[in-house]
Structures are given as structure tokens and as C-alpha cells.
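One structure coming up, written as C-alpha cells, with questions to follow.
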Amino acid sequence: MLSERRLEVLRAIVQDYVGTEEPVGSKALTERHRLGVSPATIRNDMAALEDEGFIAQPHTSAGRIPTDKGYRLFVDKLAGVKPLSSPERRAIQNFLDGAVDLDDVVGRTVRLLAQLTRQVAVVQYPSLTRSTVRHVELLALAPARLMLVLITDTGRVEQRLIDCQAPFGETSLADLRARLNSRVVGRRFADVPQLVQDLPESFEQDDRGTVSTVLSVLLETLVEETEERLMIGGTANLTRFGHDFPLTIRPVLEALEEHVVMLKLLGEAKDSGMTVRIGHENAHEGLASTSVVTVGYGSGDEAVAKLGVVGPTRMDYPGTMGAVRAVARYVGQILAES
């Protein structure tokens, strides 16, 4: 275990390096921080931190920079989550409150996160595998043509056209709508097939074919829409950090373009709590020079998806974690109210 003083020296090195982009020397630490010891003592502490792999000397410079291990200790033990100011929180709420539908919520969230953190923002669409049915609407477009509208608890809306085998009367349609909703509203997608399997038998013989067709379209919609989607924004922000990527920024850009990689990355975040992956903790090689900060969001206690940011390991962790957490909270509130 490191002594309290050495932890303070590590904290100062991380803060200075993130703030100045320059390797940090003992003289600068003495001048900028009230560590209460001589430069010689700080040099000894820095040598000990270097021996244990928390900091490194990037080149012949006298200064030191944090390693992935150093950033990890900083995040786990030394960095709190920096709360946003009242004006920042109001700005988030006002910006997100203007959203008109789920696509707009996700698009606004991506832009907002990218602007707040000046990193790359990644927002996963609410997963329908974890969603519940809010309402199923059935509309008659013609005597033998219907529109099915599926609305989820996260505000996602899916529409499907249905061509029926025979005309379907308004009374039968109203009856099907009522019975269908009484069985599926508030229930998880995975439970719906079992809940509706015997529904056709409760209708008159002449209507059973149409009821079965409607149910098959509904179930197909549930299966289709479990495909995961995400939106990424602010990639241009990475160009500000060119010198933070050892060789080239290209592997990072390629990883970001691979949505499968990013979905896997979000999926690996074990729970809905805050997750910070630093440098080589990211399994994908293209992201080994980045840090990824993610958190779950949802309309209730359970997360329905995740959002976060990707940036260089030289990241303002307290500020980024604070912004990601605040945005997730507001998105959750919007989904709950929508």
C-alpha cells in the first residue's frame, strides 16, 4: 500500500498532467501544491511511484506521466465524481426537454455529452430485450388492411402494415385491441408470446385467421427490434488529442466505426453503475490508448441501455464521470415521463 503522502503526490501528478499536457517534475509539484515536504522528498516519492509502475518517464524529459495503473488508482481511490454546476444542470434539462421522440432523445444526448466532455459520446438505444410494452394500437386503413403500432416503456415506437385474409370489422378490431392490451401492457417482450398464444381461440371462427396474422406480425416485430443500436457523436473531438495517441489515431477511429465493437464494450460494463475502463483494460486493441466511461440509464430502477464517452487516458476523470452520470439521470427522467 502507498503512504498517504505518496497518494497525494500521485494525485497531484495526474491533475497537473491532465491540466497542462506536460510531463510533471518535482519542482513544479512543489510550486503548485502544498505537499508540506521538500523537493528532495518528492523526488524520492516519485522514484517509488515509478518503481511500482504508477508513473513513467516518457522520454529524456525530467518529468513523469501517469501510467494506466496510475490512472486506475487515481480513479478508484483519489478521484471523486465532480458534480455539475446549477447552470450546467439547467442547460442539460432544457436541451433534453425539447426532444420530440426517442431518436431525438438519443441524438440530443450524443451531442450534449460530446459538448460537455469534449470527448466522443456513445449512446446505446434502449434495449428491447429489457423493455416492456406500454401500448399496442391497431388502426383500420382499409376493410382488409390494418396498421399495428407498438409503443414501449422507453418511448420507442414501431409501426407495421398488415394485410388481412378478409375484411375485419371495427367491433372485432376494438375487441382485439382491448384484449391484446389487457394481456401485454406492462409485460416484458420475452413474456409476450406465451401471453397471447391462446388469444385466437377466444374469437369467432371467422376472425381467428386475422387475429393470428396480427399476432404473428406483433411477435415478428418484437424479435426484429431486439437488435441493438447505438449512436456516436463528437469523433472530431479526438483530433484535439493527437499527441495523446502513441502512433496514430486511426485504430481508435476504426474501433469507433465498428458498432459491434462498441456494443460489446458497453455490454461488458457489468451493471448499470459507473464503469471506467483505462487503456489496456479495454479488450479491443484499437482502444488500448483510450479510457471509456459508461453508466446505465433507464426509466426506473433498472437500466435499459448504457451511455458514455471515449477519450484519451489523459482525461479529466472527475468531470467526465460527473457529466456522464448527470446526463444519464436526465435521460432516465425523460423516458419515465414520456
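The values are calculated or read from the model by the stated rules, or taken from the named source; none is laboratory data. It should be emphasised that the depicted structure is a prediction, and the values quoted were computed from it without experimental measurement. Note that each Cβ is placed from the backbone with ideal geometry, even for glycine, and that neighbours are counted across all protein chains shown. Heads up: the accessible areas ignore ligands, DNA and RNA and are worked out on the full protein's heavy atoms, side chains in. Shrake-Rupley method; radii C 1.70, N 1.55, O 1.52, S 1.80 Å.
Looking for something at pLDDT below 90 and under 15 Å from Gln15 (Cα atoms) - is there at least one such residue anywhere in the stretch 83-105?
Scanning the stretch 83-105, I find no residue that is at pLDDT below 90 and under 15 Å from Gln15 (Cα atoms), so the answer is no.
Of the numbered conditions (1) modelled with pLDDT of 85 or more; (2) within 33 Å of the chain's Cα centre (by Cα); (3) surrounded by fewer than 16 Cβ atoms within 10 Å (Cβ to Cβ), Val18 fails exactly one; give the number of that condition.
Exception for Val18: condition (3).
Quick one: how many residues across the stretch 318-334 are touching a strand residue (DSSP E or B) at 6+ places or on another chain (Cβ under 9 Å), within 13 Å of Ile92 (Cα to Cα) and of a type in the set (Val, Ile, Thr)?
Adding up the residues that qualify gives 3.
So the check is Cβ under 8 Å with 6+ separation or different chains; which pairs have a first residue in the stretch 45-73 that's on the phi > 0 side of the Ramachandran plot and a second one that's not β-branched (Val, Ile, Thr)?
The qualifying pairs are Gly53/Lys69; Gly53/Gly70.
Let me ask something else. For the subset of the stretch 177-191 comprising residues that are modelled with pLDDT of 90 or more and assigned to a helix (DSSP H, G or I), which member is surrounded by the fewest Cβ atoms within 10 Å (Cβ to Cβ)?
Filtering the stretch 177-191 for residues that are modelled with pLDDT of 90 or more and assigned to a helix (DSSP H, G or I), the one surrounded by the fewest Cβ atoms within 10 Å (Cβ to Cβ) comes out as Ser182.
For the stretch 156-182, which residues satisfy the criterion of being touching a helix residue (DSSP H, G or I) at 6+ places or on another chain (Cβ under 8 Å) and of a type in the set (Ser, Thr, Tyr)?
Ser172
Going by what's in this entry, would Leu307 be described as under 24 Å from Gln333 (Cα atoms), modelled with pLDDT of 80 or more and touching an Asp or Glu at 6+ places or on another chain (Cβ under 7 Å)?
Values: under 24 Å from Gln333 (Cα atoms): yes; modelled with pLDDT of 80 or more: yes; touching an Asp or Glu at 6+ places or on another chain (Cβ under 7 Å): no.
The answer is no for Leu307.
Moving to a separate point now. Among (1) under 27 Å from the mean Cα position of the chain (by Cα); (2) crowded, with 16+ Cβ neighbours inside 10 Å; (3) within 22 Å of Ala142 (Cβ to Cβ), which single condition is Thr210 missing?
(1)
For the stretch 241-258, give me each residue that is in a helix (DSSP H, G or I) and at pLDDT below 80.
Let us first name the residues in the stretch 241-258 that are in a helix (DSSP H, G or I), namely 241-244, 250-257.
Answer for the stretch 241-258, where residues must be in a helix (DSSP H, G or I) and at pLDDT below 80: Phe241, Gly242, His243, Asp244.
For Glu158, work out the one condition from (1) touching a Leu at 6+ places or on another chain (Cβ under 7 Å); (2) open to solvent by 20 Å² or more (accessible area, probe 1.4 Å); (3) touching a residue at least 24 places away in the same chain (Cβ under 8 Å); (4) in the same structural domain as Gln93 (by the TED database) it doesn't fulfil.
The number of the failed condition is (4).
Looking at Pro83, Pro87 in this structure, which one is in a helix (DSSP H, G or I) and open to solvent by 30 Å² or more (accessible area, probe 1.4 Å)?
Values: Pro83 fails: in a helix (DSSP H, G or I).
Answer to the selection: Pro87.
Considering only residues that are open to solvent by less than 10 Å² (accessible area, probe 1.4 Å) and outside any strand (DSSP E or B), look in the stretch 287-325 and name the one that is nearest to Ile55 (Cα to Cα).
Within the stretch 287-325, the match that is nearest to Ile55 (Cα to Cα) is Met315.
While we're here: Out of everything in the stretch 90-101 that is open to solvent by less than 60 Å² (accessible area, probe 1.4 Å) and in contact (Cβ under 8 Å) with a residue 60 or more places away in the chain, what residue ends up being nearest to Arg325 (Cα to Cα)?
Per the criteria, the residue is Ile92.
What number goes with the only condition from (1) open to solvent by less than 80 Å² (accessible area, probe 1.4 Å); (2) at pLDDT below 90 that Val136 does not pass?
It is condition (2) that Val136 fails.
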